[in-house]
Structure formats: C-alpha cells, structure tokens
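Here the structure is laid out as structure tokens; the discussion comes afterwards.
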Amino acid sequence: MSTPIQLRFRDLTLGYERHPAVHHLDGAVEEGALLAVCGPNGAGKSTLMKAISGALRPLGGAIERCGLDSRDIAYLPQGAEVDRSFPISVYDLVAMGLWRRAGLFGGIGKGNHARIADAIAAVGLTGFERRPIGTLSGGQMQRTLFARLLLQDARLILLDEPFNALDAKTVSDLLDLVRRWHGEKRTVLAVLHDFELVRAHFPQTLLLARGPVAWGPTAEVLAPDNLLLARRMTEAPQDGAAPCSAAA
Amino acid sequence: MSVYDLLVGPFAEFEFMRRALVGVFALAIGAGPVGAFLMLRRMSLTGDAMAHAILPGAALGFLFSGLNLYAMTVGGIAAGLLVAVGAGVIARATELKEDASMAAFYLISLALGVMIVSLKGSNVDLLHVLFGTVLGLDDPTLILVAGIATLTLVTLAIIWRPLVLECVDPTFLASVSRAGGPSHIAFLALVVLNLVGGFHALGTLLSVGLMMLPAATARFWVRDLTPLVALATCIAFASGAIGLLVSYHFGAPSGPAIILVAGAAYAVSVLIGPAGGIVTARVQRRHLEA
C-alpha cells in the first residue's frame, strides 16, 4: 500500500524575469508528509513556497497539486506582510482564517466563535482577543498567525521560516501545532535554517540550492557532504546568461 | 445671545441653513467611512490627487452646459473614474507604485482642466466649481448627495471584508480569494463618487477635506476599526454643523469654515488624543502591575 501523492514537481523551473531561482526540480511529496526545506540564502526556498501556493507562475515545468483546490492550501509567507498599524484586534485577525467557510458575507455563527476561541487558546493567546495587533510582540504575532492557520483547516500547509527570531518556548509551542497537523495527516512543508530542529522534528528534508541537492530522509539529506555541496552554490543571476540548454 | 440663538436659531429660521445641514449630514455619512479606509490604505494623497482630477471633468461639463448639476456631475465622475481606475490598473499591472501613477494621471488631468477653463474664461462661475456652494444646495443636488451616501453604505457592506483584509494582509487575501482586485476598484469608484458629491457643497479643492481630516482625527481617539469609522463620520458631521454656524455668525465663507473646524478638531486630537497624541504620549502616568 503506497501513500497517495499530494504534490508533484515535473522539471520545475522558477524565477523572476527569466533568471531561474529554482532549476529543474523533479519529485513528489506524499500526502501527510512533514517535509523541511533547507538550503543557503538565495537557494530558492521561498520562491518554491510561493509557487506551490500559486502566487508565482513557473518559468518551466509544472507543479501538480493532486486534488487540491487553492483553498486547500494555507501559506504563511516569510515575515508575513501584515500591516501591524491597522486598527484590528487579535480576534478579528484570527477570524479571517474562516474565510473559506464564511466567504464574503457569511455570518460567523456560534460554532465558529467557539472555533476561533479554541484556535486562540491553542496558541496560548487566551486573554489577548481584544488587543490591537499593533501591541503584540513578534512571538505573539506569530502565534496569532498560527491560530489563523489553524482555522484555515487546510490540507497542505506551507510555512516560510516560521520560527525566525522567536524564543525557545514559542518555537516549541508552535512546533506542537505542526506535529498536531502532521498527526491529522495534513501535508506540511516548512522552510527552516535550524538543522538541529529539522533533525529532531522533520522526518524528511529537501536540500535545495537552486537545483535539488538531496531529497529524502532527513538524516541522509543533512549529511556533511551534501551540506558542503549546497554551500558551494553561488550562481548569481547573470545578465548575459544564455537560454538554458537543459530546457525542453 | 442665548444658546438657542447660537446653535438652533440659524437652522430654525433659514431654509438654506437647513438644506446645508442635511447636505453635510449626507456628505459625512459617505465621507466618514471612505476617508477612514483611504487613510488606513495609506491613500490619503491619492484622495487628494483624485479630488484635483475631478476638476477638468466638471469644467468640461460646465463648458458645454453652464452650471448644470448633471453635466458637471457626469463630467466629474468620468474624469475621476478614469484617473482612479487608470492609475489603479497601471499600479497593479506594472512595477510603478500607486502614488506615482496617481501623480502622473492627476498632473495630466489638472493641466487639462486649466486648459479647458482658459478656453471659456469665466472665472467667477469657476469659483463655484473650485469652492462649492454649500449654502445654495437645491433639491436635485441634495438628492444626488443623499443617493451617493446610500450607495456608499451599501457598497461598503458588500466589500467590507476584502477591503479590510487587503489593508491588513494582502498576501493572505490573495491566497484565499480573488475579491481583492474588484473590491479595490469598487472602493476607488466610491472615492470618486463621494468627491463629486462633495464638490457641489465644498468645491473640488476642499471636498477631500471632509474625508481625510475626520479620519485622521478619529485615529487619535480609538484603536479599533468599527469605532474609528463611526467616529470619523460623527466628526465629519459635527464639523459640518459647527462650520455652518461659524460661517453664519461671523459671515465667513462656509466651505472653508467647515474644513477649518475639522482642522481644529484634528489639531486638538494630534496634541491630546488618548491614542497616541503628542502630549498624551509624553505625560508619564504610573505604569500598571501587568
């Protein structure tokens, strides 16, 4: 019995203005996988996340989102562009996660109010409901965004450096949520830099350095020679670069 | 002089004052929420630019039909929408930020307006377009302004969620819905409509004042969106009513009086508003336990 495939990359090339950031990526992510995406800065990790979420069109190849509608995908971008000065409360920001259920006009009924309260409790922010988001600390803000992710009830969850600049307690609380999603058979892809954390919590890893360096069980992927290989990646976009010969 | 003579008398005695009061009430209902969102979307200057852009359209209507309400309204709306939608589309389709594209459009339309005006050359009537006639609002104008207020409230009820979400977290909105673009354009249309409604009373140059000043004032008093919108609307109406009284008692021009009252409310709030006023922030109160 094999697990069904959730995402498949076919000779995927991503980039900006024809300069590739991710080059010829092939492979598949199984449903329910907990996959870390690692690699040096500029390796194309964020670009890959953006493309999976549907916000970026591939330069070549394809991403197959097997049976997934765009609403089944929840995406937390790196340093999410939330306007912290906007006068909105934690409760209302978290409630936005219900968009899929409530849409443009749908009321937020009693059941949903309970869901929102549960999500806020799950990230440990009970008591902060009425606080304006502008008064939150960085960690509290990230907890708020995770509560919103909880409500989105997505089958594929994309996290771009979700634990940056957070203290150990916050990271461990948020990791509990990630493990909970994994237990619920949701597929989670997370861009991460902390190899210790990846080794401890993520069964699978994709090591990316524009092209895929290694992809598989974390212990094998994060072997010293692979990491050395990834570090050597220094392909700056070149103005005069010729069209890629490997392109079909 | 009794309090009655000061505050109620002018409205009880003169019909043009009552009409003006109804007019500023209708304007406030539309301008309050629209102004609040303009401010929160960091589009205050955009609103100003669009107000200028209405001038050539209204002038064109004036050129063909004189001081005709409908010709000037249609001209103003057409010019405003052209600038708003054109700049919005360019901002979305290119790398150019919205303020830059807006500036480009409004400079063009303003120059065009001046050109049209100089063709006809009747500067006296044009003062009407520039500064409005809040004390001379006739029935059709009042109905137009009230209709715009109604349309504004209905439209805002429809686009409220995407509008809010596009301010707070545009990436998130784009990931869950395609409503961002259409609601943005609908909002820009509302801005134009309210500016055109405003220009009959306050003129093209000042109508944006009843949007921006109350919104900016309210920001210094509350920290949540719904009260902010409600308060901005109340401040807009209060500025209108007090401005009319000031203009009545001191024989001052009414449009500038209304905007100056709103400006005074703003100045006071900047200083002592509880939500981040300059003085408030400097006053050391004992910190709390937790």
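Would you mind pulling out the separation of the Cα centroids of the range B:206-267 and the range A:136-210, in Å?
47
What Kirkwood hydrodynamic radius do you get for the range A:4-92 when you take the inverse of the mean 1/r over all pairs of distinct Cα atoms, in Å?
When all Cα pairs of the range A:4-92 are included, the Kirkwood radius is 14.6 Å.
Work out the charge dipole of the range B:1-151 with +1 on the Cβ of Lys and Arg and -1 on the Cβ of Asp and Glu about the Cα centre, then indicate which of B:M115, B:T141, B:F25 is farthest towards its positive end.
Among B:M115, B:T141, B:F25, the one farthest towards the positive end of the dipole of the range B:1-151 is B:M115.
Roughly what % antiparallel, to the nearest 5, for the DSSP beta bridges in the protein assembly as shown?
If we restrict to bridges inside the protein assembly as shown, about 55 percent are antiparallel.
Per DSSP H run of at least 4 residues, take -39500 (n - 2.57); add these up for the protein assembly as shown, divide by its residues and hand me the 222 nm value, nearest 500 deg cm²/dmol.
Computed ellipticity for the protein assembly as shown at 222 nm equals -19000 deg cm²/dmol.
How big is the accessible area of A:R10 in square angstrom, nearest 10, if you roll a 1.4 angstrom probe over the protein chains?
110
If amide H atoms are built 1.01 Å from N in the plane of the peptide, which residues on other chains or at least 5 residues away come under 5 Å of the amide H of A:A21?
Those qualifying (amide H under 5 Å, at least 5 residues apart or on another chain) are A:L14, A:G15, A:Y16.
Could you let me know the centre-to-centre spacing of the range B:94-112 and the range A:1-79, using Cα atoms, in angstrom?
Cα centroid to Cα centroid, the span is 37 Å.
At a Cα cut-off below 24 Å, give the lysines reachable from A:K45, other chains included and same-chain residues fewer than 8 away excluded.
Excluding near neighbours in sequence, the set is A:K185.
Determine, from the Cβ-Cβ distance of B:N68 and B:D99 and an R0 of 35 Å, the FRET efficiency 1/(1 + (r/R0)^6), rounded to the nearest 0.05.
Efficiency for this residue pair is about 0.55.
Taking the Cα centre of chain B as origin, work out the dipole magnitude from +1 charges on Lys and Arg Cβ and -1 charges on Asp and Glu Cβ, in debye rounded to 20.
Dipole magnitude for chain B comes out near 600 debye.
Let me know the charge dipole size of the range A:49-112 about its Cα centre in debye, to the nearest 20, where only the beta-carbon of Lys, Arg (+1) and Asp, Glu (-1) is charged.
Approximately 100 debye in magnitude.
Across peptide B:11-18, what mean number of C-beta atoms from other chains lies inside 10 Å of a residue's C-beta?
Across B:11-18, the average partner-chain Cβ count within 10 Å equals 0.
For the range A:63-78, state which residues have at least 30 Å² less accessible area in the presence of all protein chains than in their chain by itself, taking the probe as 1.4 Å and leaving out ligands, DNA and RNA.
A:Y75
For the range A:143-214, run through the trypsin sites (Lys or Arg not before Pro) and keep only the ones in DSSP coil with at most 13 other Cβ atoms within 10 Å of their Cβ.
A:K185
Compare the peptides A:128-134, A:108-114 by average per-residue count of other Cβ atoms within 10 angstrom and give them in order, highest first.
A:128-134, A:108-114
Could you name the aspartates and glutamates in cross-link range of A:K110, using Cα to Cα under 14 Å and dropping any fewer than eight places away on the same chain?
Result set, ordered by chain and number: A:D118.
How about the range A:14-60: which trypsin sites (Lys or Arg not before Pro) there are in a DSSP loop, with at most 14 other Cβ atoms within 10 Å of their Cβ?
Here the sparse-neighbourhood loop sites are A:R18.
Given a 1.4 Å probe and heavy atoms of the protein chains only, how would you sort A:E31, B:E15, B:E166, A:E17, largest accessible area at the top?
The ordering from most to least exposed comes out as A:E17, B:E15, A:E31, B:E166.
Would you work out the charge dipole size for the range B:151-290 about its Cα centre, treating the Cβ of every Lys and Arg as +1 and the Cβ of every Asp and Glu as -1, and quote it to the nearest 20 debye?
That gives the range B:151-290 a dipole magnitude of about 240 debye.
The values are calculated or read from the model by the stated rules, or taken from the named source; none is laboratory data. Nothing here was measured: the structure is a model prediction, and the numbers come from that model. In this analysis, Cβ positions are derived from the backbone assuming ideal geometry, glycine residues included, and neighbour counts consider all displayed protein chains. With ligands, DNA and RNA removed, areas are computed over all heavy atoms of the protein, side chains included. Shrake-Rupley method; radii C 1.70, N 1.55, O 1.52, S 1.80 Å.
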